[in-house]
1. Only one of Leu121, Leu125, Leu133 is within 15 Å of Thr192 (Cβ to Cβ) and of a type outside the set (Asp, Glu). Can you tell me which?
2. In the range 199-211, which residues are out of contact with any strand residue (DSSP E or B) (no Cβ under 7 Å at 6 or more places or on another chain) and crowded, with 19+ Cβ neighbours inside 10 Å?
3. How many residues are over 16 Å from the mean Cα position of the chain (by Cα) and open to solvent by 60 Å² or more (accessible area, probe 1.4 Å) if we restrict to the range 181-198?
4. Within the range 85-107, restricting attention to residues that are open to solvent by 10 Å² or more (accessible area, probe 1.4 Å) and part of a helix (DSSP H, G or I), which residue is nearest to Thr204 (Cα to Cα)?
5. Does the range 112-128 contain any residue that is part of a loop (DSSP other than H, G, I, E, B), of a type outside the set (Ser, Thr, Tyr) and in contact with a helix residue (DSSP H, G or I) (Cβ under 6 Å, 6 or more places away or on another chain)?
6. Go through the residues of the range 34-44 one by one and say whether even a single one is surrounded by fewer than 23 Cβ atoms within 10 Å (Cβ to Cβ), free of Cβ contacts under 8 Å to residues at least 40 places away in the same chain and among the hydrophobic types (A, V, I, L, M, F, W, C).
7. Tell me, please, whether a residue that is hydrophobic (A, V, I, L, M, F, W, C), assigned to a loop (DSSP other than H, G, I, E, B) and modelled with pLDDT of 95 or more can be found in the range 205-224.
8. For the range 120-151, which residues satisfy the criterion of being at positive phi and surrounded by 22 or more Cβ atoms within 10 Å (Cβ to Cβ)?
Amino acid sequence: MTKVAVVLSGCGVFDGSEIHEAVLTLLALDRAGCEVVCVAPDVPQREVVDHLTGKVTGETRNVRTESARIARGKVEDVRDVRAGDFDAIAFPGGFGAAKNLCDFAAEGASCTVEPGTAKLLGDALELGVPVALACIAPAVLAGVLRDRGESAELTIGTDGATGANLEAMGVVHVPCDVRTAHQDPSRPIVTTPAYMLARSVSETAAGIDAMVERLLAMVARKNG
């Protein structure tokens, strides 16, 4: 059975994992017969947002604790898992990816990646473990690639300013339709725009389904 780590960043589009993207990723993997392990960093959120008003509340919440809302209570600390224990790794989007897994939302191209997440991704790159990232989550990988002096083709859709920030980290941004996914031609990396472009949950589902299909095809090729 294919074993996939799904890296969460909290719960809620404005300060954690985008819930539709997370659930759609989990659903696509489950339908494909995968064993899924949810993981998240056990660290404080950068900020807590009232999703009704859009305002920062000043509360303190924990990323792993909030991620457990999506994972139905079972979420591993990212520091306790190893890339080599998985056939693939997937990252839903949401601002938590750019606030909690890294600080791209505040620092742009000079962002720092959360250490446990950086190690998981760095080891995945080293071992050739296929990686999928949705929405703004490619920024996390871009930060890791930059620090390794490496590059890859990634997409966040068609947003020119955000794409330019990614390219400032040394990656190649490739415009992509919301219902599809872009696969790097030389590395086992696939990305999809999701709610960077999507106007509906069905558009997001189409892109995530395409992303997961390509992710599992890369796993199959790797495992021969």
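1. Within the list Leu121, Leu125, Leu133, the selection yields Leu133.
2. Matches in the range 199-211: Thr204, Ala205, Ala206, Asp209.
3. Count: 2.
4. Phe95
5. No, that holds for no residue.
6. yes
7. No - not one qualifying residue is present in the range 205-224.
8. Cys135
The values are calculated or read from the model by the stated rules, or taken from the named source; none is laboratory data. Keep in mind the model is a prediction, meaning the values are calculated, not measured. Counting neighbours? That spans all protein chains shown, and the Cβs are built from the backbone with ideal geometry, glycine included. Note: areas computed on protein heavy atoms with side chains; ligands, DNA, RNA excluded. Shrake-Rupley method; radii C 1.70, N 1.55, O 1.52, S 1.80 Å.
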